[in-house]
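In what follows, a structure is listed as structure tokens, so that the remarks can point back to it.
Bear in mind these aren't lab numbers, they're just calculated from the coordinates by the rules spelled out. It should be emphasised that the depicted structure is a prediction, and the values quoted were computed from it without experimental measurement. As a convention, Cβ positions derive from the backbone with ideal geometry for all residues, glycine included, and neighbour counts pool all protein chains shown.
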């Protein structure tokens with residue numbers, strides 16, 4: 001009997017080896033703030049260490065590329081930006097024109113921003129770069145350059161269906177089964193789920209660029225929720241690649257207004273515009289992003305600040321894997337009425353040294369969140385990220 005069990009296990013392993021191509025990888029990073037402080041006389045100088053990206057990832061696909069999946073496991077007590085939900089999904093492509101995915105891809109699917117999003121500073125914001133996800137700045141003005149005007153994609157639990165009817169055309173449908181007003185799990189009213197669907201259409205023009213049009217449902221299409229949530233937001237963007245060395249990404253977003261139970265007009269998203277530029281000439285390159293948020297209202301109907309943000313990132317590739325960056329920008333928040341506008345800003349030079357699968361970072365951060373009696377803050381961070 002024991003021999004039969006051993007033979008069965010061996011056959012199972014051989015079967016997996018024949019039909020699966022799993023790859024195991026991961027990363028470990030650490031950020032060290034050597035010293036930081038503010039312009040306030042009473043603030044003490046501080047420093048510290050923080051581990052990043054403590055994870056192992058397994059990717060799987062069969063030999064003919066029609067099915068696969070991903071599982072990411074974190075070694076830290078707090079699993080990551082995706083919270084307590086498992087980072088795992090599987091996908092199946094029964095025919096070349098159809099792909100089905102079920103699970104949770106916290107890295108996101110179908111995001112439209114080709115320049116202004118996470119990739120602007122990429123992983124450097126975990127260590128030395130001031131950006132949306134770095135946790136440094138509370139200023140909202142310059143962040144408009146990161147998030148305004150482009151469909152952000154989908155990063156929650158759900159089902160995604162992608163259809164490829166003709167060359168260059170992709171239609172993506174998202175049903176967010178894990179994201180509603182009720183508790184997660186079975187038994188949630190279907191109106192909460194299906195009224196939050198996402199629809200994303202991408203049309204690629206060879207040697208010209210790609211057009212993206214998206215709708216992000218927010219629950220208001222459900223009759224039970226229409227008095228407490230908007231129907232959704234519309235997005236359109238075009239990424240131009242026809243000019244050698246130059247990329248231009250132009251986006252616009254429009255929120256659908258609604259009336260609450262007291263007949264007050266509400267539009268949390270409003271009108272948003274975004275622009276991203278990327279120019280590369282040999283070892284020199286520069287990225288720029290601009291965004292503005294207009295005509296937004298709070299849940300009580302009050303008008304929110306108009307925000308304008310502009311950020312530049314020139315960089316130069318030196319020899320032996322060394323790259324220098326200058327991340328700098330500012331933002332303006334303009335309130336309604338007689339209140340003063342707020343200006344926030346950042347100056348953030350840093351370097352990256354790549355040695356095989358190891359990246360070392362060092363930088364200097366100087367920024368202000370604006371406001372009444374604004375403080376100037378500064379920090380000297382270093383860090384590394386190692387892949388295996």
## Note on the structure
For the stretch 93-178, the Cα convex hull volume per residue in Å³ comes to 126
### Query
Beyond 14 Å, what share of the Cα-Cα pairs of the stretch 318-388 remains, rounded to the nearest whole percent?
68
### Query
Is it possible to state the helix-based mean residue ellipticity at 222 nm for the chain, with each DSSP H run of 4+ residues giving -39500 (n - 2.57), the sum divided by total residues, to the nearest 500 deg cm²/dmol? What is it?
-2000 deg cm²/dmol
#### Entry: Between the stretch 280-321 and the stretch 120-177, the alpha-carbon center distance in angstrom
14
### Query
Whole-Å semi-axes of the stretch 27-146's equivalent ellipsoid, largest first, each the root of 5 times a Cα gyration tensor eigenvalue?
36, 18, 11
### Query
When 382, 49, 308 are ordered from fewest to most other Cβ atoms inside 10 Å of their Cβ, what list results?
49, 382, 308
### Query
Pulled fully out, how much extra length does the chain show between residue 319 and residue 41, if you take 0.36 nm times their separation in residues and subtract their Cα-Cα distance?
95.9 nm
#### Entry: Exposure proxy ranking, count of Cβ atoms within 10 Å, fewest first, for 198, 104
104, 198
### Task
Using Cα centres only, tell me the gap between the stretch 187-202 and the stretch 241-274 in whole Å.
20
### Query
How long is the gain from residue 240 to residue 207 if the chain were fully straight, where each residue apart is worth 0.36 nm and the alpha carbon distance is subtracted?
11.0 nm
### Query
Roughly speaking, what is the centre-to-centre gap between the stretch 36-51 and the stretch 344-376 when only Cα atoms are used, to the nearest Å?
14
### Task
Please tell me the relative contact order of the chain in percent, rounded to the nearest whole number, where contacts are Cα pairs under 8 Å and at least six residues apart.
15
### Message
For a quick check: sort 87, 358 by the number of other beta carbons within 10 angstrom, fewest at the front.
### Response
358, 87
### Task
Give, to the nearest whole percent, the P(r) tail of the stretch 252-350 beyond 19 angstrom, counting all Cα pairs.
58
### Viscosity 1.306 mPa s, 10 °C: Kirkwood-radius Stokes-Einstein D of the chain over Cα pairs, µm²/s
67
## Note on the structure
To the nearest 0.05, the calculated FRET efficiency linking residue 279 and residue 380 through their beta-carbon distance, R0 being 45 Å, is 0.90
### Message
What distance in nm separates the two pseudo spin-label positions at residue 294 and residue 75, each 7 Å out from Cα along the beta-carbon direction?
### Response
5.0
